[in-house]
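Derivation of every value follows stated rules applied to the coordinates shown; laboratory data play no part. Everything quoted here is computed from the prediction, not taken from an experiment. With ideal geometry, Cβ positions are generated from the backbone for all residues, glycine too; neighbour counts draw on all protein chains shown.
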Amino acid sequence: MRKIQWTFSLLSAVLLMASQAWATNGHQMIGVGAYQKSMGGATTAAPYDTTTAVSNPAGLALIQKRADFNFEGFMPTRTADFKSMGGEDNQGGSPIYLVPAVGWVGPIQDQDDFVFGGGMFLTSGMGVDYSTINVAPFNAVMSQIMGQTPTDMTMWKGNIYSQYQFWKLAPALAKRINDNLSVGASLNIDYQQMGFKQKFFDPNNAANYMGYDLSRAVGALGFGITVGVIYKVNDMFQVGATYISEQSFSDMEYRLSAGDVLTPPDGMGNALVNADGTYKMGMNFPQQVAVGVAVTHVEKLKITADFKWINFKSTHDSIDLKGDYAVVNSQTGPTGQMKKSAPIPFGWDDVMVYAVGVEYQATPMVTLRAGYNHGDSPIKEEDVWNNMAFPAIVQDHLGLGVDLTLGNHWNLGFAYMKAFKKELTGKKDMTVLGQTLSSGAKASLEEQSLMLSLAYNFGG
């Protein structure tokens, strides 16, 4: 009983330590923990610790029984820039966030070839928190949208905030079929939480505004599966593959006040404005496929490479916010019509990821690692305006790490990751009364993180 209480206390503490995090292949981390980050995420065919439960559960059958604790200090720098429109730029949000992960693996009934493992992992997240920012002398355009005559060139302002995090509890079974083949599967028990605000307004006229205010973050539970395989081709080559299903979530329920949502007008000049009430948004997490190869048993050296496809377009293109909306025409006012949903057009595309990693055993106690990861940005120039609260645009990442073996049981690891700065300027990303315009808004993001891992090997 005391062990059960200790386990629940540990998991509760891990959840409480987490805040927002920023991932880098879209909003998904390139890897979980010090080992995966230092190898650039190229670990599908090269398991090392229990974080393989979330990337390729077959790897659990190839590692010794152990427990792993990973602690990451994540330090993003994100900027919203409206200076080309005559406005301001601003950096916002905490300079550091703690990202923990815990995992375990052990044999079933003392069968070394059949194991149970898993862990609790924060695998994805994003967030910004900008000061109220001067957007542009936008009044002429916005007055046209609202059907009013501009009296001056008021500097419009923007409120931009977001918080998104995705947790995965991944209990897994893995079986070593023979000396060459291992298979595994995990049940994904997921939790995601999301809140955001992207609203633009005329400070001199409260009737002139546009955007979304879902800033009271709410959560939802979800489920999915992960299946994986690792095959040893010969003494030098090993290949692996993983399929992660789309993670299906219950609806997130937002309690909104009237006017928290006012969509941009469509080609007929019609916009949607919400009433008081509860609004539901369903957002699943995308399916993905990864394949990898590892060159092993070269003296003191291991080389890995991965390719991954993340199907963001199926889940993050346009998301419906369901509830009661009045249809308002920008020229004539309320039409008397009602709608039951409003689109949130994020416009994300699928992401292709390419990663390589190198590991070198410098001494029996010291192992050095380095990795590189390149992933597409899911956001293109035509969707920058819609994603100022979600600038998931970085593409190139470098990871470095060192692992120290301390006696027969303990391992201590350190890693550093750098996601290089990426800027994206909006082009043809605003539609005003059917006319496509370029906002000139610019989003930028860069990241770095420091990681500490501590492992206990029960096998000796």
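Annotations for the structure displayed:
- Using the Cβ-Cβ distance between K322 and M352 with R0 set to 41 Å, the FRET efficiency works out to roughly 0.80.
- ³J(HN,Hα) computed for each position of the range 78-94 - Karplus, 6.51 cos²θ - 1.76 cosθ + 1.60, integer Hz, glycine/proline x: 10, 9, 10, 10, 10, 5, 5, 9, x, x, 10, 10, 7, 10, x, x, 4
- Cα-based Rg / Dmax (Å) for the range 2-457: 24.0, 80
- Simple spin-label estimate for D266 and V402 gives 6.1 nm between the two label positions (7 Å along the Cα-to-Cβ direction from each Cα).
- The range 179-278 shape via C-alpha gyration tensor axes, a/c threshold 1.5: prolate
- Neighbours of F121, meaning other residues whose beta-carbon lies under 15 angstrom from its beta-carbon, give a summed charge of -2 when Lys and Arg score +1 and Asp and Glu score -1.
- Extension reserve of the T436-V233 stretch, reckoned as 0.36 nm per residue once the Cα distance is removed: 67.7 nm
- Dipole magnitude for the range 2-457: computed about the Cα centre from +1 point charges on Lys and Arg Cβ and -1 point charges on Asp and Glu Cβ, it is near 520 debye.
- Across K37/K232; K300/K421; K175/K302; K302/K418; K340/K428, pairs whose alpha-carbon gap is larger than 26 Å: K300/K421; K340/K428
- Proxy reagent accessibility, fewest Cβ within 10 Å first, across W410, W348: W410, W348
- Reachable aspartates and glutamates from K422, criterion Cα separation under 12 angstrom, eight or more residues apart if same chain: D376, D396, E446, E447
- Listed pairs K280/K308; K199/K427; K83/K197 exceeding 26 Å between Cα atoms: K280/K308
- Along each principal axis, Cα extent of the range 256-300, largest first, Å: 67, 28, 17
- Full-extension gain in nm, S248 to Q361, via 0.36 nm per residue minus C-alpha separation: 36.5 nm
- Label-reachable residues, the range 179-197, where backbone N falls under 15 Å from a point 7 Å from F223's Cα toward its Cβ: 186-191
- Using alpha-carbon coordinates, inclination of helix 2-17 to the longest axis of the chain, degrees: 40
- The range 51-59 - phi-based ³J(HN,Hα) in whole Hz, Karplus 6.51/-1.76/1.60, Gly and Pro as x: 5, 5, 4, 9, 9, 7, x, 4, x
- Ranked by the mean number of other Cβ atoms within 10 Å of their residues, highest first, the peptides 39-45, 385-391 fall in the order 39-45, 385-391.
- Local electrostatic count, G459, Cβ distance below 10 Å [Lys/Arg +1, Asp/Glu -1]: +1
- 22 Å tail of the calculated P(r), the range 309-439, as % of Cα pairs: 60
- Between the range 53-117 and the range 227-305, the alpha-carbon centres lie 15 Å apart.
- Our coupling estimate for the range 441-448, obtained by passing each phi through the Karplus curve with A = 6.51, B = -1.76, C = 1.60 and θ = phi - 60°, is 5, 10, 10, 9, 8, 9, 9, 8 Hz, Gly and Pro reported as x.
- Length released on extending from M338 to V298, taking residue separation times 0.36 nm less the Cα-Cα span: 7.7 nm
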